[in-house]
Amino acid sequence: MTVGEASVRGAAILKAAGLEAAALDASLLLADILDTGKAGLILAGSEPLTEAVCRRFEQSLERRLAGECVAYILGRKEFWGLDFAVTADVLVPRPDTETLVEAALSRIDELTGDDPAGALPSPSPPVTLLDLCTGSGALAVALKHERPALWVCASDVSGKALALARKNAGKNLQSLAGTESPVLFIESDLFDRLGEAAMPAFSGPPRFDLIVSNPPYVPTAVLATLSPEVRREPPLALDGGEDGLDLIRRIAAGAPPFLSPGGTLLMEADPDQMTIIAAILECRGYSDIQMYRDLTGRPRVISGRYSE
């Protein structure tokens, strides 16, 4: 069997199972086994495959047919142009979350006056940011990669997730590595252990200019209706309680003591939850509430500023 024949056959098998992106999934799986890209797959179309490669491809197709997402099979996912390792211990980074990166970068640049190209001098002291429920570290790493002068702390309740996030930071932020880790990772249930950690950016209790989070926000009853791929992701990263807002309420309530005066809280959530979240933030004393739209034009991120 040639490379081209295998790709066509794999796509047909996945399509027959009702998978929408059958051709793309098959090509990604085969390209990964051959350690090449899309162009390389096309150029190698007439080359024969070894039996070992055919077996590996069949195994990958079987995993996909069983409902495992391509990212877990490959062990990686691109986010914000960076390559992130992913396992079943973390949520797979999604394009929607890039809206949160864009919103945070906009606020960072408001605070610093720096141009995106970094031609202007960095502020001193640096802008400080906390990423709650960091998971794979996608948000924290992407933001640090874009604004190297940013001081970043990231927390998660899962030790396994944090181990992966540290790996992703090490891989994607190699150019920033020095005597101090580019991102400080802390195992904590939201804010519970932040006060115990040594944070060189603060002379006293930590107060951040920005707090960002992509928390679990799927209502518990909805979990069973999600696609097989999503249901394989960790429930801890998906289940937001009865109405999906348990963690969002906790973050809104717990953030003020950890925000600098005028500091900003930014959270991703379901577009249908935004009106309720805006009311929650207002009741908690946040002002200047704004929403940011994703690529489909729906509100995906909400922010509020807190002034004592």
Helix axis angle, 3-16 relative to the chain longest principal axis, alpha carbon, degrees: 70
Size of charge dipole - segment 148-275 - debye, nearest 20, with Cβ of Lys, Arg +1 and Asp, Glu -1, no other charges: 460
Gyration tensor verdict on segment 11-121 (Cα atoms; rounded if a/c is under 1.5, prolate if a/b is larger than b/c, oblate otherwise): prolate
Rounded to whole Hz, the Karplus (6.51, -1.76, 1.60) HN-Hα couplings of segment 253-263, x for glycine and proline: 6, x, 6, x, x, 10, 9, 5, x, x, x
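Can you tell me what the convex hull of the Cα atoms of the chain projects to on average, as an area in nm²? Before the final figure, lay out each step's value.
On the way: hull surface 70.0 nm².
Reported value for the Cα convex hull: 17.5 nm².
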Nearest-ten-degree value, helix 159-172 long axis tilted from longest Cα axis of the chain: 80
Cα lying deepest toward the dipole's positive end in segment 3-66, options Ala52, Ala11, Leu30, charges on Cβ: Ala11
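Can you tell me the dipole magnitude for the chain around its Cα centre, using point charges on the Cβ only (Lys, Arg +1; Asp, Glu -1), in Debye to the nearest 20?
360
Considering just Cα atoms, how many Å³ per residue does the convex hull of segment 154-300 enclose? Numbers along the way, then the final one.
Values: hull volume 21.2 nm³, N = 147.
So the per-residue hull volume is 144 Å³.
At a threshold of 8 angstrom on Cα-Cα distance, excluding pairs fewer than six apart, so keeping six or more, what relative contact order does segment 3-66 reach in percent? Working shown, then result.
Numbers: 59 pairs, mean separation 25.0, N = 64.
Reported relative contact order: 39 percent.
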Nearest 10 degrees, 0 to 90: helix 22-33 Cα axis against the chain principal axis: 90
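How high is the relative contact order of the chain, in percent, with contacts defined as C-alpha pairs under 8 Å that are six or more residues apart? Mind showing how you got there, number by number?
On the way: 530 pairs, mean separation 43.1, N = 308.
Result for the chain is 14 percent.
What share of the DSSP beta bridges in the chain is antiparallel, in percent to the nearest 5?
Details: 17 of 36 bridges.
For the chain, the DSSP antiparallel bridge percentage is about 45.
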Cut-off 12 Å between beta-carbons: net charge of the residues surrounding Thr87, Lys and Arg +1, Asp and Glu -1: +2
Positive-end extreme of charge dipole, the chain - chosen from Ala71, Gly262, Thr97 (charges on Cβ): Ala71
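222 nm [θ] for the chain, helices only, -39500 (n - 2.57) per DSSP H run of 4+, per residue, to 500?
Numbers: 11 runs with 113 residues, N = 308.
It lands at -11000 deg cm²/dmol.
Report, in debye and to the nearest 20, how large the dipole of segment 3-66 comes out about its Cα centre when Lys and Arg carry +1 and Asp and Glu carry -1 on their Cβ. Write out the running numbers ahead of the final one.
Values: 7 positive and 9 negative charges, 25 e Å.
Dipole size: approximately 120 debye.
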Distant-in-sequence amide H partners of Val86 (H built 1.01 Å from N, under 5 Å): Arg76, Lys77
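Only the coordinates and a few stated rules stand behind these numbers; no lab work does. Everything numeric here is computed off the predicted structure, so don't read it as measured data. When we count neighbours, we look across all protein chains shown, and the Cβ atoms used for this are built from the backbone with ideal geometry, even at glycine.
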